[in-house]
């Protein structure tokens, strides 16, 4: 049912497409890293705020 089907119109990707995909992947990974740093910073700020309230 979920086997691989041969499709004649699918061609291997070119070097240019592969390079583009690598760039997109790298950009997405760096964005995720920045977002995780921002989330960590906000979490620490919230924790510090709750400590000072006590």
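The values are calculated or read from the model by the stated rules, or taken from the named source; none is laboratory data. Quick caveat: nothing in here was measured; it's all calculated off a predicted structure. FYI the Cβ positions are ideal-geometry reconstructions off the backbone, even for glycines, and counts take in every protein chain you see.
Does residue 31 satisfy being modelled with pLDDT of 95 or more, out of contact with any helix residue (DSSP H, G or I) (no Cβ under 9 Å at 6 or more places or on another chain) and at negative phi?
yes
Hey, does region 17-26 have a residue that's surrounded by 10 or more Cβ atoms within 10 Å (Cβ to Cβ) and not in a helix (DSSP H, G or I)?
No, every residue in region 17-26 fails to be surrounded by 10 or more Cβ atoms within 10 Å (Cβ to Cβ) and not in a helix (DSSP H, G or I).
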